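The values are calculated or read from the model by the stated rules, or taken from the named source; none is laboratory data. Computed from a predicted structure; not experimentally measured. All Cβ positions, glycine included, derive from the backbone under ideal geometry; neighbour counts span all protein chains shown.
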2 protein chains.
Amino acid sequence: MTSTSSHAAIGIGELASRTHCKPETVRYYEKIGLLPAALRNEGNQRRYSEATVQRLMFIRHARDFGFSVEAVRELLDMADHPSQPCDQVDQLARRHLAEVESRLQRLTVLRDELQRTVAQCDGDSVAQCRIIEVLSDHRLCGHDTAHGGAEALR
Amino acid sequence: MTSTSSHAAIGIGELASRTHCKPETVRYYEKIGLLPAALRNEGNQRRYSEATVQRLMFIRHARDFGFSVEAVRELLDMADHPSQPCDQVDQLARRHLAEVESRLQRLTVLRDELQRTVAQCDGDSVAQCRIIEVLSDHRLCGHDTAHGGAEALR
DNA sequence: GCTTGAACCTCTAGTGACTACAGGTATTAG
DNA sequence: CTAATACCTGTAGTCACTAGAGGTTCAAGC
């Protein structure tokens, strides 16, 4: 038998591969307290149970949804108290959704502007390049305020 | 006279306020070589000309368009050689546009999923909370691969 | 000329969420 | 028994700034 037996404790490598992350990330999550300190075998290597696989899948999935690590921490805490009302979960998720929607909007504006600018370049010298021109003079682009730019990408 | 005379050299504070950034950022750009080392007055304080205002506006505008600092470095380099053909500018901009479009797509998928999940929560206890449920089990969400998540937000 | 407060200086460290590496130990297949 | 692989700890690097400490210079008012 190599690995995927279902009752035995597993090592960090298998935990990582089963949750689509890396051993380094697992150790990092332990360090910042998203995962509890792992049990160790005689050789001081971490051994995990199925429960940890589940917890880590929850974490990865929440991160995949774009929740910050701090938000994931709160979500885990809530998930650990199933009898409480879920208003807080709901609020957290709605706030995150609003964030995502706002980013989406800014990114859309950015794309439109970029598309327009790129389309106007006629492939001549830099001196007449529309892209450089627009970057040099904000008045030349579609609207008067900032586009959201770097922030939209975060 | 306080500040905005047009021929005199200006200080870092005015440069910053005229380009919508902070003195710290200006010093940072100088340190990483986006701005040349500034001239100094007798008291060792940086003095800038209009040319620097223009250059910094270009930088901020490009950043606003979501270009990375490294891309901005290349764009500045190209803008400094106006007689060369602008293929490279064009390529850089198109690559960036493609990046933005991909992010946009992933973020849209994410939003849809989040919207659907949040809508299904009926405000009861955590034990029955749809949001927690979906986070606990990937199979419950709309599709089978990752949504792009944290990466979509960068 | 002197004082006061704002603006400036340098240098270091912190952010978020990992990732990568160095230098060593444990496990395991053959 | 050996060699390859997986694991360990601890530190530093990523990106694009931002914040702070601790000190200097400037400009205005008296």
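Listed here are the residues, each with its yes/no results for (1) more than 14 Å from DNA strand C (Cβ to nearest atom); (2) within 12 Å of chain A (Cβ to nearest Cβ); (3) of a type in the set (Ser, Thr, Tyr).
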| position | (1), (2), (3) |
| --- | --- |
| B:Glu30 | no, no, no |
| B:Leu39 | no, no, no |
| B:Arg47 | no, no, no |
| B:Gln54 | yes, yes, no |
| B:His61 | yes, yes, no |
| B:Asp64 | yes, yes, no |
| B:Phe67 | yes, yes, no |
| B:Glu70 | yes, no, no |
| B:Arg73 | yes, no, no |
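A:Glu101 meets each of the listed conditions (1) more than 21 Å from the chain's Cα centre (by Cα); (2) facing chain B (nearest Cβ under 9 Å) apart from (1). From the list A:Leu97, A:Leu114, A:Leu92, the one residue that fits, being away from DNA strand C (no atom under 14 Å from the Cβ) and under 19 Å from B:Gln120 (Cβ atoms), is A:Leu97.
In the list A:Leu110, A:Leu104, A:Leu97, which residue meets the criterion of being under 15 Å from A:Cys141 (Cα atoms) and not assigned by TED's automatic domain parsing to the domain that holds A:Arg63?
Just a single option satisfies the conditions, and that option is A:Leu110.
Every listed requirement among (1) surrounded by fewer than 20 Cβ atoms within 10 Å (Cβ to Cβ); (2) at the interface with another protein chain (Cβ under 7 Å from one of its Cβ atoms); (3) at pLDDT below 90 is met by B:Gly149 save one, (1).
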